[in-house]
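Down below is the structure, laid out as structure tokens.
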Amino acid sequence: MQSIREKVMNILLEVEKPARYIGNEWNTVKKDLARVDIKVALAFPEVYDLGMSHLGFKILYGLLNQQEDIAAERVYAPWFDMEAKMRDQGISLFSLESFLSVKDFDFLGFTLQYELTYTNILNMLDLGGIPLKSEDRHREDPFVIAGGPSAFNPEPMAEFIDFYVLGDGEEVILEIMDKYREWKGQEDKSRKSFLKMVAELSGVYVPSFYQDYYDTGGNFEKLAPLDAGTSQVTQKRMVPSLDEVFYPVKSWIVPYLDIVHDRVMLEIFRGCTRGCRFCQAGILYRPVRERSPEKLKELACQIIGETGYEEISLTSLSSSDYSNIQPLIRELQAALKDKGVRVTLPSLRVDSFSVQLAKIIQKLKKSSLTFAPEAGTQRLRDVINKNVSEENLMSTAGEAFREGWNHIKLYFMIGLPTETDEDLEGIVNTVKKIVGQFKNTVVEKERKGRLKITISTSTFVPKPHTPFQWEPQISLEEMKRKQRYLRDKLRGRNLIYNWHNPEASFLEAVISRGDRRISKVIYKAWEMGCRFDGWDNYLKFDRWQEAFKNVGLEPESYANRKVSLEANLPWDHINTGVSKKFLAKQYKLSLEGKTTSDCRDQCCLGCGVCEHPEINEVKGEISTDEIKA
Amino acid sequence: MKLRLKFSKEEPLKFISHLDLQRLFTRAFRRAGIKLGLKGGFNPQPKISFALALPLGCTSSGEYLEAEIVDELNPQEVKDRLSFQLPEGISIKEVTEASQEDSSLTSRVSSCLYRVRFQTEESLNVNKLKETVKKLLQRKELEITRQKKKKTKKIDIIPLIEHLEVMSVNSFQGEVEMHLKTGAGGSIKPQEIMSIIEKEAPLTITNKKIHRKKLFLEGGK
């Protein structure tokens, strides 16, 4: 019989980008599977080109493979053409290292980065011959586990995931492996006995140990443990110091294909305390923990040495907030210049400091600068706690133009709580003022190249664990109307307007705020052929609507409903370390239009995350001083 | 200094594109600590150029590239250091110093030697296949039509075939070797030759593996 590898190689000339499926990239870890005790498949529920860029995945891959008795291998969602061929030829979903069927692994771990990848997870389980529902799995099936930001509302995928791992994975994943070694050595090898063992670990949530309840009106009432011994709440895991935890160096895989973020990502810090009220990552990754400049320099040089990459990006949720970011950039540049490696920053704060940073980085080629004012008026920016003033924005844009940039990208959100048409007009006015600023600062005739402003709007999604978790999302009709309004007003030779697919934003809201019943809808949607829902061209919204109807749930009741502050929420049993009281207070302040500052700047706001025993030191300083040339 | 590298591209790297291969080499040079020269101002690109792009899906045992390196290094040392940094599927056969005066590699490729192994639905007969090829080559003219966007172009391929020979046949499998011209005077792809054979024989080819054995360079050293 042909091996999976042989079968795959025979069909690859018939699919798009076959290099997605060949593995064998530089720094791939290939172990003799006969000589390891535990096999872990790390699965990213998206196509290779997207999934390969994910940092968390690289960390777990390297960390697990460091263990002698463990082999970790990668799995990605096959693109449509490949899926069709695989089904036609009876090829199981396989790992890229050993071309082993995912069902022959001990663990199959998914990262949940975005709700619209959930149907891909079901499809991948199906392609791997693994029962989709947790309750249908047997002894020989792998444990299907999940983590990542979207796991902080685990309920919509609760029927399919055996257990969730919440928060920083660097420590807890090894604790899970220890439990597995223990379980393999003991007599009771039932799935349930292992689940009981991992449930004892902080950061692990086993959905099957809980029952969901609804009131007579069909509203979510509560989620409660089935056994008295099961903990009510699952605490997220946090690593105290980034200098001490594992970071991939030798296992930093260099793909053949041009993947979306084809560069080294150097995580300079984790967490963000700016406190934008719509932002889920800002809550989930708290507190701020910086890697030391010495450690970063060491890592940067090592990873470049191992990969040969031409670019290293200093990543975090808000990179210009790193204490002493400027000396860090200069030092890295000095260390890597000789190797012909560029240092880049993914995003910028709206201030002069950031333009100066960009100037250090984009010395020669001034491509574009990206800013995110998020809202069009001061009033609304105060509501969302985006501490950016129009003055900041104008002076920043002016400075960018003076320094030679012609292209500015602006990110806004529509449908934010309390938004009115005045705020939309505010977006238009802001953009017009920036165009005016260009004319004021530069002499167009002497300028090479033309002004270009790209405006992108996404639609607000009320996310669990944020101060806006109780707020409704605007209706689909409203989204379309607002986008139409902006499309009409943001016309001009210098302007490009992009908007986010309204149906995708709606579904994201429904699933994000979903309870356990949503599992059935996701299942139905998958059954009806939904996958790659995050891709505008492939989202089949009518089938999703049908799936909701079929299950007997109204999507609007999840997305467009204002939830009472007193109500139990389907994700209340997951503790991010930030108290619900703090979120409620932030919510109240937002409605009063009151802002709060960054806790690293001023005083502690009492979110609660630093009370966690694993956290000792969280402070950093935010540099805003002028940069001297 | 300018170096010429001869290398092979074997399974499974036949599935990576020409652009992927360029990136692969640039990164391998950096890992090996061999600095490449740069060209261009705003967005400097490494000075590395390939003789002739190998189509995705083909293997080869005789590809060439030229690279400008900053430091003076012994070609053998470059070969050793770079080989250590290349994935399974790419191996360097030879590194020599190239003359700065030589015209570009691309402009000097005149023809290529290919070996095509294929499988067929129907049982093959060696004499019949040889006869088909012989008749084909005896023609004064053999036109094929190529479609480029909306334009169709007819070309006579007989002058582009230096040599075409059936090497072996074994019931459902066959092997042919072809020496084909390329470059400014026109070129023909091995797939196109195979399609003609398929049509003329006639047969149904189910699977073919194309291997480039050699590139012929003219001019220069």
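I'd like to check something: does region A:170-184 contain any residue that is touching a residue at least 24 places away in the same chain (Cβ under 8 Å) and of a type in the set (Ser, Thr, Tyr)? Lay out the reasoning, then the answer.
The first filter runs over region A:170-184 and keeps only residues touching a residue at least 24 places away in the same chain (Cβ under 8 Å), leaving A:170-177, A:180-181, A:184.
Retained after the next criterion (residues that are of a type in the set (Ser, Thr, Tyr)): A:180.
Looking through region A:170-184, at least one residue is touching a residue at least 24 places away in the same chain (Cβ under 8 Å) and of a type in the set (Ser, Thr, Tyr).
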Quiz item: Does any residue in region A:574-586 that is on the phi > 0 side of the Ramachandran plot come within less than 9 Å, Cβ to Cβ, of a residue that is in a helix (DSSP H, G or I) six or more places away or on a different chain, and which pairs are these?
Solution: A:Gly577/A:Ile283; A:Gly577/A:Val609; A:Gly577/A:Cys610; A:Gly577/A:Glu611
Exercise. All but one of (1) part of a loop (DSSP other than H, G, I, E, B); (2) in contact (Cβ under 8 Å) with a residue 60 or more places away in the chain; (3) more than 22 Å from the chain's Cα centre (by Cα) hold for A:Tyr309, so report the exception by its number.
Key: (2)
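Among the residues of region B:118-131, which ones are away from chain A (no Cβ under 14 Å), surrounded by fewer than 18 Cβ atoms within 10 Å (Cβ to Cβ) and either touching a residue at least 40 places away in the same chain (Cβ under 8 Å) or in contact with a helix residue (DSSP H, G or I) (Cβ under 6 Å, 6 or more places away or on another chain) (or both)? Lay out the reasoning, then the answer.
Kept after step one, since they are away from chain A (no Cβ under 14 Å), are these residues of region B:118-131: B:120-131.
Cutting the leftovers down to surrounded by fewer than 18 Cβ atoms within 10 Å (Cβ to Cβ) gives us B:121-123, B:125-128, B:130-131.
Result: B:Glu121, B:Glu122, B:Ser123, B:Asn125, B:Val126, B:Lys128.
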Quiz item: Considering region A:231-281 alone, what residues qualify as being among the small types (Gly, Ala, Ser) and not in a loop (DSSP other than H, G, I, E, B)?
Solution: A:Ala281
Exercise. Restrict the check to region A:30-44 and report whether at least one residue is within 13 Å of another protein chain (Cβ to nearest Cβ), crowded, with 19+ Cβ neighbours inside 10 Å and in contact (Cβ under 8 Å) with a residue 24 or more places away in the chain.
Key: no
Quiz item: For region A:313-323, does any single residue satisfy the condition of being within 14 Å of another protein chain (Cβ to nearest Cβ), aliphatic (A, V, I, L, M) and touching a residue at least 40 places away in the same chain (Cβ under 8 Å)?
Solution: no
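Given A:Gln232, A:Gln211, which one is closer than 21 Å to A:Gly552 by Cβ, surrounded by fewer than 16 Cβ atoms within 10 Å (Cβ to Cβ) and in contact (Cβ under 8 Å) with a residue 12 or more places away in the chain? Walk me through it before giving the result.
Values: A:Gln232 fails: closer than 21 Å to A:Gly552 by Cβ.
Only one candidate qualifies: A:Gln211.
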Quiz prompt | Subset of region A:235-252 that is within 29 Å of A:Pro18 (Cα to Cα) and crowded, with 20+ Cβ neighbours inside 10 Å - its residue that is farthest from the other protein chains (Cβ to nearest Cβ) | solution = A:Pro248
Quiz item: Do any residues in region B:5-26 that are free of Cβ contacts under 8 Å to residues at least 12 places away in the same chain have Cβ atoms under 8 Å from those of residues that are small (Gly, Ala, Ser) and crowded, with 21+ Cβ neighbours inside 10 Å, where the two are at least six apart or on different chains, and which pairs are they?
Solution: B:Asp20/A:Ala19
Exercise. Select from region B:55-90 the residues that are closer than 28 Å to A:Ile11 by Cα and within 14 Å of chain A (Cβ to nearest Cβ) and list them in ascending order.
Key: B:Pro55, B:Leu56, B:Gly57, B:Cys58, B:Thr59, B:Leu86, B:Pro87, B:Glu88, B:Gly89, B:Ile90
Exercise. Report the residue count in region A:5-26 for those that are surrounded by fewer than 18 Cβ atoms within 10 Å (Cβ to Cβ) and either more than 13 Å from every other protein chain (Cβ to nearest Cβ) or of a type outside the set (Asp, Glu) (or both).
Key: 3
Practice problem: Go through the residues of region B:55-73 one by one and say whether even a single one is free of Cβ contacts under 8 Å to residues at least 24 places away in the same chain, surrounded by fewer than 18 Cβ atoms within 10 Å (Cβ to Cβ) and of a type in the set (A, V, I, L, M). | Solution: no
Quiz prompt | Subset of region A:342-370 (residues that are touching a helix residue (DSSP H, G or I) at 6+ places or on another chain (Cβ under 7 Å) and part of a strand (DSSP E or B)) | solution = A:Val343, A:Thr344, A:Leu369
Exercise. Just give me the residues in region A:481-530 being touching a helix residue (DSSP H, G or I) at 6+ places or on another chain (Cβ under 6 Å), without any contact (Cβ under 8 Å) to a residue 40 or more places away in the chain and not in a helix (DSSP H, G or I), in sequence order.
Key: A:Met528
Exercise. Specify the residue that is nearest to the other protein chains (Cβ to nearest Cβ); the eligible residues are those in region B:18-38 that are surrounded by fewer than 19 Cβ atoms within 10 Å (Cβ to Cβ) and farther than 15 Å from A:Val341 by Cα.
Key: B:Asp20
Quiz item: Is at least one residue of region A:597-613 over 21 Å from A:Phe468 (Cα atoms), buried (at least 16 other Cβ atoms within 10 Å of the Cβ), at pLDDT 95 or above and in contact with an Asp or Glu (Cβ under 9 Å, 6 or more places away or on another chain)?
Solution: no
Practice problem: Being among the acidic types (Asp, Glu) and either under 25 Å from the mean Cα position of the chain (by Cα) or in a helix (DSSP H, G or I) (or both) is the filter here, so list the residues in region A:1-56 that pass it. | Solution: A:Glu6, A:Glu14, A:Glu25, A:Glu46, A:Asp49
Quiz item: Out of (1) aliphatic (A, V, I, L, M); (2) part of a strand (DSSP E or B); (3) within 19 Å of B:Thr182 (Cα to Cα), what's the single condition that is false for B:Leu54?
Solution: (2)
Quiz item: In the list A:Glu159, A:Glu135, which residue meets the criterion of being surrounded by fewer than 23 Cβ atoms within 10 Å (Cβ to Cβ), in a helix (DSSP H, G or I) and over 18 Å from the mean Cα position of the chain (by Cα)?
Solution: A:Glu135
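The values are calculated or read from the model by the stated rules, or taken from the named source; none is laboratory data. Note that the structure is a prediction, hence the values are computed from the model and not measured. Positions of Cβ are generated from backbone atoms using ideal geometry, with glycine treated the same way; all protein chains shown enter the neighbour counts.
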